[in-house]
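Chemist: Let me begin by handing over the structure; questions about it come next.
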Amino acid sequence: MGDLEQVILAYVKREYIEDGDDREVTVTTPLISGGIVDSFSMVSLKRFLEKKYQIQIPDADATTAAFDSVQKIAALVERFRPVHA
Amino acid sequence: MSYGTDVREHYRKELAGIREAGLFKEERYIRSVQAAEIEVEFPAGAAAKHVINLCANNYLGLSSHPEVVEAARRGLDHRGYGMSSVRFICGTQDIHRDLEKRLTGFLGTEDTLLFPSCMDANAGVFEAILTDQDVLIADRLVHASIVDGMRLCKAMQDTFKHSDMAHLEEKLQEHQDKRFRMVVTDGVFSMDGDIAKLDEIVALAEKYRAMVCVDDSHATGFIGKTGRGTHEHCGVVGKIDVITTTLGKAMGGASGGCVSGRTELVEMCRQRARPYLFSNTVAPVIVAGALKVLDILCQSTERRDKLEWNAKYWRKLLTEAGFDIKEGESPIVPVMLYNAKLAQDVARDLFAEGIYVVGFFFPVVAKGQARIRTQLSAAHEKHHLDRAIEAFRKVGKKYDILGKGKNEIIAKYGL
């Protein structure tokens, strides 16, 4: 697991897993289709990513499919991260 | 695009998919007034069956109360059937003003504005009072109408884990850079039946300078010692900035809703809320009925007292029988089944036993959280509940869910 995935996974667990919920969440766990994150609470995840990585994710790309696992979210962030020479 | 064969076929497949997933909802046809016992035609065309109703929001048993009906009839005679107008053009009668004043007194607020429904109140309130300089911070289990209303508003949206005050505090700290913050919650949560920690929410709101909005639709009329709502129950009357609630549940059960709270916020809704500006006024007959409901509730607390007793008794019966129920005090008592098909099968079998309940599953509740949501009424007598638990035991035994918790039920039936 890369640094990016680690950071996103830690945020997802802190932000969305309630006390007493002992289900395992990995980088491939379905987040939205698995009922861990819903489209209503997804906004804070998008905002976290934009602030943390200084990026803008267009609404058209911030789909439930693109946010459905930590792995997919990391790939989305990589798409919009500035490329340094 | 005309509605050609290909378009029709697309939607047919979509509907077939909903059926195959076990998520298709069917209507039942009630051929009586709403009461503790009703006549239900189901499936369509079947002979009407006499059943005990355990799934109405008729919490105080006032939906067909003769005094309410008579008051509504007088309202029809004296103020007519419909106004054919939105409020601000020619849709406001003296009785609308009277009802708004009475609701203000009942809820302990500064002002009140009627809406065609609480759904409309929730759709309109946020957009009317907040802008993109502000933030809405909502409990994750707020009603769908609040989610919709928040999406219509340009304020930033955020959410906190259900009833988690530590998480709410983090969010309030995070958003100190916004012009206004508003915390939004249900008073009594409609699917789980638990009560919001309004006293703690108000304390946090005061500490971090935030407004508080509560949808009290499943509380107005019966939560709190005199039925004023969740704010009375939590000892924070006068400290809630916006209350939205409905007249379509305990308060007569017809329709109508309102925004009640700070004078200026209510007036902003009167000036700007789209459902208020563009939707027809509450019909005079509804207003007249609601005024009588308030008369009844202000005379005595016997109905909400009886409801409280019924809720305690029903929870005791279900727990003793071995059902997995959500803990709580409200008259909303979810019987957890987790699997959507199981919820539908149990509801169907209970109907055959003369008990009317409905299975709740996705998208009404989250996937894997299917349940039967039982709801008590002051119209229920002890013998109704004793009869109901017999049926629940019989059906529970058939599906081998008695004495079983979440993991065991899921192991047997899947999610």
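Chemist: Which ones in the range B:256-313 are closer than 17 Å to B:Ala379 by Cβ and either at pLDDT below 95 or touching a strand residue (DSSP E or B) at 6+ places or on another chain (Cβ under 8 Å) (or both)? Quick ask: steps written out before the conclusion?
Modeler: Of the range B:256-313, the ones closer than 17 Å to B:Ala379 by Cβ are B:289, B:292-293, B:296-297, B:300-313.
Result: B:Ala311, single match.
Chemist: Select, from B:Leu15, B:Leu23, the only residue that is more than 23 Å from B:Leu376 (Cα to Cα) and not in a loop (DSSP other than H, G, I, E, B). Outline the logic, then answer.
Modeler: Working: B:Leu23 fails: not in a loop (DSSP other than H, G, I, E, B).
Step by step, each of B:Leu15, B:Leu23 is checked, and only B:Leu15 is more than 23 Å from B:Leu376 (Cα to Cα) and not in a loop (DSSP other than H, G, I, E, B).
Chemist: Mind checking which residues of the range B:362-388 are hydrophobic (A, V, I, L, M, F, W, C), surrounded by fewer than 24 Cβ atoms within 10 Å (Cβ to Cβ), within 14 Å of chain A (Cβ to nearest Cβ) and out of contact with any Asp or Glu (no Cβ under 8 Å at 6 or more places or on another chain)?
Modeler: B:Phe362, B:Val364, B:Val365
Chemist: While we're looking at this one, here's another question. Select from the range B:318-340 the residues that are at pLDDT 95 or above and closer than 21 Å to B:Leu60 by Cα and list them in ascending order.
Modeler: Passing the criteria: B:Ser330, B:Pro331, B:Ile332, B:Val333, B:Pro334.
Chemist: Looking only at the range B:197-227, how many residues end up being farther than 23 Å from B:Gln176 by Cβ, of a type outside the set (Phe, Trp, Tyr) and crowded, with 24+ Cβ neighbours inside 10 Å? Lay out the reasoning, then the answer.
Modeler: Of all residues in the range B:197-227, those farther than 23 Å from B:Gln176 by Cβ come to B:215-227.
Next, from what is left, pick out any that are of a type outside the set (Phe, Trp, Tyr): B:215-221, B:223-227.
Next, only the ones that are crowded, with 24+ Cβ neighbours inside 10 Å stay: B:215-221, B:223, B:227.
Residues in the range B:197-227 being farther than 23 Å from B:Gln176 by Cβ, of a type outside the set (Phe, Trp, Tyr) and crowded, with 24+ Cβ neighbours inside 10 Å: 9 in total.
Chemist: Right, something else. Just for helices (runs of 4 or more DSSP H) wholly inside the range B:219-299: which have at least 2 residues that are touching a residue at least 24 places away in the same chain (Cβ under 8 Å), in the same structural domain as B:Val86 (by TED's automatic domain parsing) and over 21 Å from B:Ile95 (Cα atoms)?
Modeler: Numbers: elements: B:230-233, B:263-272, B:274-278, B:284-299.
Output list reads B:230-233, B:263-272.
Chemist: Identify all residues within the range B:65-109 that are in a loop (DSSP other than H, G, I, E, B) and farther than 18 Å from B:Gly221 by Cα; write none if there are none. Steps first, please.
Modeler: Applying the first criterion (in a loop (DSSP other than H, G, I, E, B)) to the range B:65-109 yields B:65, B:80-85, B:92-93, B:108-109.
If the condition is that a residue be in a loop (DSSP other than H, G, I, E, B) and farther than 18 Å from B:Gly221 by Cα, then B:Gly80, B:Tyr81, B:Gly82, B:Met83, B:Ser84, B:Ser85, B:Thr92, B:Gln93 are the ones that fit.
Chemist: Have a look at A:Lys46, A:Lys51 and point out the one that is loosely packed, with under 13 Cβ neighbours inside 10 Å, under 22 Å from B:Val135 (Cβ atoms) and within 14 Å of chain B (Cβ to nearest Cβ).
Modeler: Numbers: A:Lys46 fails: loosely packed, with under 13 Cβ neighbours inside 10 Å.
Matching residue, one of A:Lys46, A:Lys51: A:Lys51.
Chemist: A further question follows. Farther than 30 Å from B:Leu350 by Cβ, surrounded by fewer than 17 Cβ atoms within 10 Å (Cβ to Cβ) and touching a residue at least 60 places away in the same chain (Cβ under 8 Å) - does that describe any residue in the range B:46-56? So that I can check it myself, show each step before the final result.
Modeler: Restricting attention to the range B:46-56, the residues satisfying the condition of being farther than 30 Å from B:Leu350 by Cβ are none.
No; the residues of the range B:46-56 include none that is farther than 30 Å from B:Leu350 by Cβ, surrounded by fewer than 17 Cβ atoms within 10 Å (Cβ to Cβ) and touching a residue at least 60 places away in the same chain (Cβ under 8 Å).
Chemist: Which one of these does A:Phe80 not meet: (1) of a type outside the set (S, T, N, Q); (2) more than 10 Å from the chain's Cα centre (by Cα); (3) within 14 Å of chain B (Cβ to nearest Cβ)?
Modeler: (3)
Chemist: Those residues that are of a type in the set (Lys, Arg), more than 9 Å from chain A (Cβ to nearest Cβ) and assigned to a loop (DSSP other than H, G, I, E, B), I need them from the range B:145-183; list them, please.
Modeler: So the first thing to find is which residues in the range B:145-183 are of a type in the set (Lys, Arg), and the list is B:151, B:154, B:161, B:171, B:178-179, B:181.
Imposing the further condition that a residue be more than 9 Å from chain A (Cβ to nearest Cβ) reduces the set to B:154, B:178-179, B:181.
Residues satisfying the conditions are B:Lys154, B:Lys178, B:Arg179.
The values are calculated or read from the model by the stated rules, or taken from the named source; none is laboratory data. Small disclaimer: the values here were computed from a predicted structure and weren't measured. All Cβ positions, even for glycine, are placed from backbone atoms using ideal geometry, and neighbour counts span all protein chains on display.
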